[in-house]
1. If you take every DSSP beta bridge fully contained in the range 283-398, what fraction is antiparallel? Give it as a percent rounded to 5.
2. Using a 10 Å cut-off on Cβ atoms, rank the peptides 219-227, 262-270, 49-57 from the highest mean neighbour count down.
3. By how many degrees, 0 to 90 and rounded to 10, does the Cα axis of helix 360-369 deviate from the longest principal axis of the chain?
4. Going by alpha carbons, how many degrees (0 to 90, nearest 10) lie between the helix axis of 389-398 and the longest principal axis of the chain?
5. Where is the GNM fluctuation largest for the chain (alpha-carbon springs, 10 angstrom cutoff): 74, 92, 339?
6. For the chain, give me the percentage of DSSP beta bridges that are antiparallel, rounded to the nearest 5 percent.
7. Highest first, please rank the peptides 129-136, 229-236 by the mean number of other Cβ atoms sitting within 10 Å of their residues.
8. Give me 286, 167 sorted ascending by neighbouring Cβ count inside 10 Å, so fewest comes first.
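Rule-based calculations on the coordinates, nothing more; no lab input. What you see is a predicted model; the values in this text were computed from it and never measured. For neighbour counting, all protein chains shown are included, and Cβ atoms are generated from backbone atoms with ideal geometry for every residue, glycine included.
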């Protein structure tokens, strides 16, 4: 099992298991013989929390653990920082074996490498917001002035500057969850473990917190393991998603991989009601950006390309494949009649452009309002593709999505 596009493995989990009860040996034997979680519970009274779980999380990745209640996702998260002791398997962080760590090394790992954010806000009601954020640093013995400085910086990161002297009961639910996030960030951990942190929030506040997390992730580049039972939340946040059932991981992949290629009937049913327009991006619906014409070429070259390919518009690019704009056939013919030697003067520079990761839901409205095809560029501004209305309709129809209403 390999990380998606990122070679630097931060967390590696191999054949991890967790059995709750006193007869773990008997439960392990029944597991190896093929008995189900339900059968083992009936025969031994032991509960299978995790069964042979393996995956990798890469540096800077948001890795989502998703599944229904009781599937083992929260148990798995707590095994990573050993709040719950695994029954068997291997677990390493930055190449260091976490299972074999003694109490002192484990405390150091939790304090310096891992930050935990729970569903409940878990704020101390008798402490100010500043002291709540600084609490973990206080436990570590960090001097008051230094820990308050770091706490203030963390509050600024989550947009709560000015609330340092407020008390928890004076804050809304969303603000309290921001305090919890700031408390985790104050110690500057490499990894954030987030256990359904937004599930208790109202939908609008939840959406704001999701956007806040994505913004923080872009700025800080933390490695995040995020637990949720909400598929829409997983699709929005996750670079990759691990879908769990009965203590096992049934599929790991990007949102599109899971939606387009479910490994079994369970996954297929789980994702059956997803609106594909919210999942597909410009990269999924664009056509190859050919032909294009160089901005240094003249109208005669542009007209020949249009005639050869049977098109009435042509995107203009630099030698470095940076998009300059679009030329239309009527303007090219007129420039040719006027003996123009270049395309300057007829390039339409304000054509709509989106990036490869722009969701189709945003592109549909752009497409409806534009007379021209849409250009697609990557994060570096390189021209990567073309989108016309038919491209979106064809992609949604091919992947089982609802066709947009024009």
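1. Working: 12 of 18 bridges.
If I count the DSSP bridges inside the range 283-398, around 65 percent turn out antiparallel.
2. Highest to lowest by the protection proxy: 49-57, 219-227, 262-270.
3. Tilt of helix 360-369: around 20 degrees.
4. Between the helix axis and the principal axis of the chain, the angle is about 40 degrees.
5. The residue that fluctuates most here is 339.
6. The antiparallel fraction comes to roughly 60 percent.
7. With the highest mean Cβ count within 10 Å placed first, the list reads 129-136, 229-236.
8. With the fewest neighbours first, 286, 167 line up as 167, 286.
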